[in-house]
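The values are calculated or read from the model by the stated rules, or taken from the named source; none is laboratory data. Computed from a prediction, not measured in an experiment: that's the story for all the values here. Positions of Cβ are backbone-derived with ideal geometry, glycine not excepted, and every protein chain shown enters the neighbour counts.
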There are 2 protein chains.
Amino acid sequence: MALKVVCLVGGVGGAKLAHGLAQILEPGQLTVIVNTGDDFWHYGLRVCTDLDTVMYTLSGLANPATGWGIEGDTDGVLQGLRRYGEDTWFGIHDRDIATHLLRTQGLREGRRLTEVTRDLTTRLGIAHTILPMTDAPVATMVDTVEYGELEFQEYFVKYRWEPTVKVLRLQGIDAAALSAEAAAAIAGADVILFGPSNPWLSIMPILSVPGLHDALVARPVPRVAVTPIIQGAAVKGPASKLMAELGYKQAALSIVQYYQRVINGFVYDLRDGALSSETVHMVGMDTLMQSDGDRAVLARRVLDWVISWDPSPAGT
Amino acid sequence: MALKVVCLVGGVGGAKLAHGLAQILEPGQLTVIVNTGDDFWHYGLRVCTDLDTVMYTLSGLANPATGWGIEGDTDGVLQGLRRYGEDTWFGIHDRDIATHLLRTQGLREGRRLTEVTRDLTTRLGIAHTILPMTDAPVATMVDTVEYGELEFQEYFVKYRWEPTVKVLRLQGIDAAALSAEAAAAIAGADVILFGPSNPWLSIMPILSVPGLHDALVARPVPRVAVTPIIQGAAVKGPASKLMAELGYKQAALSIVQYYQRVINGFVYDLRDGALSSETVHMVGMDTLMQSDGDRAVLARRVLDWVISWDPSPAGT
């Protein structure tokens, strides 16, 4: 049986699980649906940070030290911009800019982000399907105590997620639509995974695309989140800080609470001891993916676990 | 007396004379009007090769080995594009791309090329005025025996000016207009120089901007071309090859013939012996600018010569 898997992800953490799945699944089995709320225009280029991270990770180009960007990339364009007196707070590097140039050119020619992404991934030799959550421009806006409302990359990169978050807003989400490609992938999925990404900054935008949440919960299949929180802390990024600011307890079970309407399974980390829930299947695993091999092992264990479920999982 | 000088130029050769003038004139005295017929869109970026060459030369950034591009520039973006399978026939380098990004962003925001260029030159510390010949998009199209009509950069870079030229066409020239800035510079000029640029590929497009030729010849001042041809050969580029293809004798005097309706003075190279003309003032100088100092010396000699003219030069 060729299990069809849909995995929802943001950037670095989610990309690792997607890479694990990519290593163990055949082409046609895996569709990765990626947050585009972080996308922005920078120097006239359409930069899609999460799509890029997933593309670079699945093609083996990613910088292993950071998880984002391209290994060995250079900063010639940044140096050029600084010569003009530009404040280069966003690190747009040279090989990465080739991606942005090709993407921007495709979009300006009227092609959809889904089509442009398929073209780029094919040219990078990626056999699996990577989809943006929508073809419409959506921008995650972060209202902060210190600076008022910031664009996502200002909050995340310029201010290094130091500001205190009051509320998140998805600009453009009402006009966004589920793409035919994403709808078909979800409708055909045997397993739906939520990568260990930031639930509020990475997964919430995906679930907010009109029609996507309903399409997900309509699937009577395992819908399983992998925790981004281990022992109350985020493996990477602001997830733990943010959940406190938004009024959640800094714990893996808060993720279950946040996702309760959409998941029926949850993978927590073994370091949290034994957790349980009345509403969703739960299991503990080593979720800390430190090597390419770790990613494949976790992906394999998660799929083996969901296959072992009773045919009618809780909550479906 | 603060002599006001307008210098018409294309790329490398003209930029050298402009640099010589820039070294000996004060801010406010020099306006360089630059060919934009070579400009093109490349990966969604507006590339203005002659404007860039003049900017980089006057700011001291130019690569001395080539005359164009930025010294020490890198090819990270090109490497990135090649990874996507792109045929990178046009060498768009990293620091140079910073220029194209800022220019393209300015144009997309609705600013005129003249305004964008002023901003870029100011930020590079250039005290003199560099103007595009027009704010309208004009494209020099090269009809060739071998490939039919080519865009300029295809002819010049992709095919290394090897095709045989039948005729040149300036796409968009009828809709182009003389900018207020260029008109004012010409109207106030005490001396008008034609740099040692390719007359057909670099200067003809400038002279073809509606109103520009008439504005030039209306000025009762020295209008002097510096030869791009020495002993029948071009110092650089296709000028000599092209003049044969277009039916001209490969000699400096053919330049006088080509410019006869607009110039009243001509500087030929000493290596050509003694040349004379019945219609224009002529003088021989060492026009081969091999160092920054050579550029200033030639500029000084040309200005000294035109200042020595009878107040009513021939042809005015």
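Every residue in the stretch A:66-76 that is among the charged types (D, E, K, R) and more than 9 Å from chain B (Cβ to nearest Cβ), please.
A:E71
Would you confirm, using the coordinates I've provided, whether B:L242 is modelled with pLDDT of 95 or more and closer than 29 Å to B:T144 by Cα?
Answer is no for this residue.
Applying the selection to the stretch A:83-123, what residues are of a type in the set (S, T, N, Q) and either more than 21 Å from A:V157 (Cα to Cα) or touching a Lys or Arg at 6+ places or on another chain (Cβ under 6 Å) (or both)?
If the condition is that a residue be of a type in the set (S, T, N, Q) and either more than 21 Å from A:V157 (Cα to Cα) or touching a Lys or Arg at 6+ places or on another chain (Cβ under 6 Å) (or both), then A:T88, A:T104, A:Q105, A:T114, A:T117, A:T121, A:T122 are the ones that fit.
Taking A:V77 as the residue in question, decide whether it is under 20 Å from B:T88 (Cβ atoms), under 23 Å from the mean Cα position of the chain (by Cα) and of a type in the set (A, V, I, L, M).
Spelling it out, it is not the case that A:V77 is under 20 Å from B:T88 (Cβ atoms), under 23 Å from the mean Cα position of the chain (by Cα) and of a type in the set (A, V, I, L, M).
Which of (1) surrounded by 16 or more Cβ atoms within 10 Å (Cβ to Cβ); (2) within 14 Å of chain A (Cβ to nearest Cβ) does B:F152 not meet, given it meets every other one?
(2)
Specify which of the listed residues (A:T53, A:T104) is under 24 Å from A:L30 (Cβ atoms), among the hydroxyl-bearing types (S, T, Y) and in contact with a Phe, Trp or Tyr (Cβ under 9 Å, 6 or more places away or on another chain).
Selected residue: A:T53, the only one of A:T53, A:T104 that is under 24 Å from A:L30 (Cβ atoms), among the hydroxyl-bearing types (S, T, Y) and in contact with a Phe, Trp or Tyr (Cβ under 9 Å, 6 or more places away or on another chain).
Rundown of residues vs (1) surrounded by fewer than 17 Cβ atoms within 10 Å (Cβ to Cβ); (2) more than 14 Å from every other protein chain (Cβ to nearest Cβ), yes/no style:
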{"position": "A:R108", "(1), (2)": "yes, no"}
{"position": "A:R123", "(1), (2)": "yes, no"}
{"position": "A:A136", "(1), (2)": "no, yes"}
{"position": "A:E146", "(1), (2)": "yes, yes"}
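Within the stretch B:58-65, is there a residue that is surrounded by fewer than 20 Cβ atoms within 10 Å (Cβ to Cβ), within 23 Å of B:E154 (Cα to Cα), within 9 Å of another protein chain (Cβ to nearest Cβ) and out of contact with any helix residue (DSSP H, G or I) (no Cβ under 7 Å at 6 or more places or on another chain)?
Checked against the condition, which is being surrounded by fewer than 20 Cβ atoms within 10 Å (Cβ to Cβ), within 23 Å of B:E154 (Cα to Cα), within 9 Å of another protein chain (Cβ to nearest Cβ) and out of contact with any helix residue (DSSP H, G or I) (no Cβ under 7 Å at 6 or more places or on another chain), the stretch B:58-65 yields no hits at all.
For the stretch A:301-315, check the following and say yes or no: at least one residue is within 23 Å of A:I206 (Cβ to Cβ), free of Cβ contacts under 8 Å to residues at least 24 places away in the same chain and outside any loop (DSSP other than H, G, I, E, B).
No.
Out of A:L51, A:L102, I need the residue that is touching an Asp or Glu at 6+ places or on another chain (Cβ under 9 Å) and within 29 Å of B:A62 (Cβ to Cβ). Which one?
Selected residue: A:L102, the only one of A:L51, A:L102 that is touching an Asp or Glu at 6+ places or on another chain (Cβ under 9 Å) and within 29 Å of B:A62 (Cβ to Cβ).
Just one of (1) surrounded by 17 or more Cβ atoms within 10 Å (Cβ to Cβ); (2) touching an Asp or Glu at 6+ places or on another chain (Cβ under 9 Å); (3) without any contact (Cβ under 8 Å) to a residue 40 or more places away in the chain trips up A:Y248, so point out which.
(2)
All but one of (1) more than 7 Å from chain B (Cβ to nearest Cβ); (2) out of contact with any Pro (no Cβ under 6 Å at 6 or more places or on another chain); (3) touching a residue at least 40 places away in the same chain (Cβ under 8 Å) hold for A:L113; state the number of the condition that does not hold.
Among (1) more than 7 Å from chain B (Cβ to nearest Cβ); (2) out of contact with any Pro (no Cβ under 6 Å at 6 or more places or on another chain); (3) touching a residue at least 40 places away in the same chain (Cβ under 8 Å), A:L113 violates only (2).
Using the structure shown, decide if B:R95 is farther than 25 Å from B:L30 by Cα, buried (at least 21 other Cβ atoms within 10 Å of the Cβ), within 13 Å of chain A (Cβ to nearest Cβ) and in contact with a helix residue (DSSP H, G or I) (Cβ under 9 Å, 6 or more places away or on another chain).
When the stated conditions are applied, B:R95 passes them.
Would you mind stating whether A:D50 is over 18 Å from B:L81 (Cβ atoms), touching a residue at least 12 places away in the same chain (Cβ under 8 Å) and either of a type in the set (F, W, Y) or touching a strand residue (DSSP E or B) at 6+ places or on another chain (Cβ under 6 Å) (or both)?
yes
When you check B:Q79 against the structure, is it within 8 Å of another protein chain (Cβ to nearest Cβ), surrounded by fewer than 21 Cβ atoms within 10 Å (Cβ to Cβ) and of a type in the set (S, T, N, Q), yes or no?
Answer is yes for this residue.
Residues being surrounded by fewer than 16 Cβ atoms within 10 Å (Cβ to Cβ) and under 17 Å from the mean Cα position of the chain (by Cα): count how many of those fall in the stretch B:112-121.
Number of matching residues: 0.
Give the residues of the stretch B:67-87 that are without any contact (Cβ under 8 Å) to a residue 24 or more places away in the chain, closer than 30 Å to B:R112 by Cβ and not aliphatic (A, V, I, L, M), sorted by residue number.
Across the stretch B:67-87, the qualifying residues are B:E71, B:D73.
Do we find that B:A183 is without any contact (Cβ under 8 Å) to a residue 40 or more places away in the chain, in contact with a helix residue (DSSP H, G or I) (Cβ under 7 Å, 6 or more places away or on another chain) and closer than 30 Å to B:G265 by Cβ in this structure?
For B:A183, the condition - without any contact (Cβ under 8 Å) to a residue 40 or more places away in the chain, in contact with a helix residue (DSSP H, G or I) (Cβ under 7 Å, 6 or more places away or on another chain) and closer than 30 Å to B:G265 by Cβ - is met.
Tally up the residues in the stretch B:46-57 that are away from chain A (no Cβ under 14 Å) and in contact with a Ser or Thr (Cβ under 8 Å, 6 or more places away or on another chain), please.
Residues flagged as away from chain A (no Cβ under 14 Å) and in contact with a Ser or Thr (Cβ under 8 Å, 6 or more places away or on another chain) within the stretch B:46-57 amount to 3.
Please enumerate the residues belonging to the stretch A:191-211 that are farther than 14 Å from A:T36 by Cβ and surrounded by 17 or more Cβ atoms within 10 Å (Cβ to Cβ).
Of everything in the stretch A:191-211, those that are farther than 14 Å from A:T36 by Cβ and surrounded by 17 or more Cβ atoms within 10 Å (Cβ to Cβ) turn out to be A:V191, A:I192, A:L193, A:F194, A:G195, A:P196, A:N198, A:P199, A:W200.
If a residue has to be buried (at least 22 other Cβ atoms within 10 Å of the Cβ) and hydrophobic (A, V, I, L, M, F, W, C) to count, how many in the stretch B:26-44 make the cut?
Final tally of qualifying residues: 4.
Tell me the residue from A:G172, A:G188, A:G232, A:G265 that is crowded, with 18+ Cβ neighbours inside 10 Å and either in contact with a helix residue (DSSP H, G or I) (Cβ under 8 Å, 6 or more places away or on another chain) or at pLDDT 95 or above (or both), please.
The conditions single out A:G265.
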